[in-house]
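Report on the following structure.
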Amino acid sequence: MRIPKFVRVDLASLQEVAAGNEGLITGPVDLIAVLKPRYGVVLASWDQSAQLGVASRLGVVLRVGHEGVAVQWAPVDLRYRPNPSGRRFWTQAKPYFGFAADVAQRYMLASTFVEHFPDLSVLAARPSVLDTAKGRPSAIPKGGYVYIVRSPYGVKIGKSVNVKSRTRLFEVKLPFPITVEHYAWFEDYSVAERDLHRQYHAKRLEGEWFDLSSADIATIKTLGKPVSIET
């Protein structure tokens, strides 16, 4: 499933009812009027001192109804650096804005959503737990892989429970070539990924893409339990 539009929503302005990894956006009312099924939502605040947009969740709109907008969420810790003309959108009083196509491309939003929602077609089709009596979804396993993927646009530090499946998905979905540099097993892969993002924060390009040197990559390769890429 291709995401036709990406919308940034101000974290402080969001009104929602949560159920596990899913939520029902109930306001602001004008935001609900804008969102449509399959839209991508970037829930983010503005860091005035750093002049950065700080995203804490990504979401895919499942349905729009009278009760609100059902969204599947994924937690993230991402930074976006708008140019001077783009900062006015982040600092405006209006609690949302749509990303222009060239800005979405520069932020690599399509690849980031592929990373966090690897099967978007199934995601959009299945019923929401907010509409069923089946309870909360199962917990995400803590053990998994942190990997390094290289592209012409930078180096991605990501995580997955199945790297081979994830990288095959990248090869199909991304409009540029990639190579898998390394991956390793961590008992808590979310913490490991977050720590690396923080360690190389100064070298962040956009989202989960970094301008890493050969020495940086060599350091990362000493962490975790290395696994052969061919395995």
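Peptides 56-63, 2-9 ordered by packing proxy, namely the average of other Cβ atoms within 10 Å per residue, highest first: 56-63, 2-9. Each peptide among 183-193, 74-84 gets the average number of other Cβ atoms lying within 10 Å of its residues, and from highest to lowest they stand as 183-193, 74-84.
For residue 86, what is the net charge nearby, where nearby means another residue's Cβ is under 12 Å from its Cβ and Lys, Arg count +1, Asp, Glu -1? Provide the component values of the computation, followed by the final result.
Details: positive: 8, 81, 87, 88, 106; negative: 102.
Once positives and negatives cancel, what remains is +4.
What is the order of 115, 22, fewest Cβ neighbours within 10 Å to most?
On the way: 115 23, 22 20.
Ordered from fewest to most neighbouring Cβ atoms within 10 Å, 115, 22 come out as 22, 115.
Packing, as the average of other Cβ atoms within 10 Å across residues, places the peptides 89-102, 37-50 in the order 37-50, 89-102, highest first. Ordering 160, 13, 213 from the fewest to the most neighbouring beta carbons within 10 Å gives 213, 13, 160.
Stretch residue 45-residue 87 to full length: gain in nm at 0.36 nm per residue minus the Cα-Cα span?
Values: separation 42, 0.36 × 42 = 15.12 nm, distance 1.21 nm.
Contour length minus the Cα-Cα distance gives 13.9 nm.
If both residues of a DSSP beta bridge must be in segment 6-131, then about 85% of such bridges are antiparallel.
Coordinate-derived values only; no laboratory data. What you are looking at is a predicted structure, and each value in this text was computed from that prediction instead of being measured. FYI the Cβ positions are ideal-geometry reconstructions off the backbone, even for glycines, and counts take in every protein chain you see.
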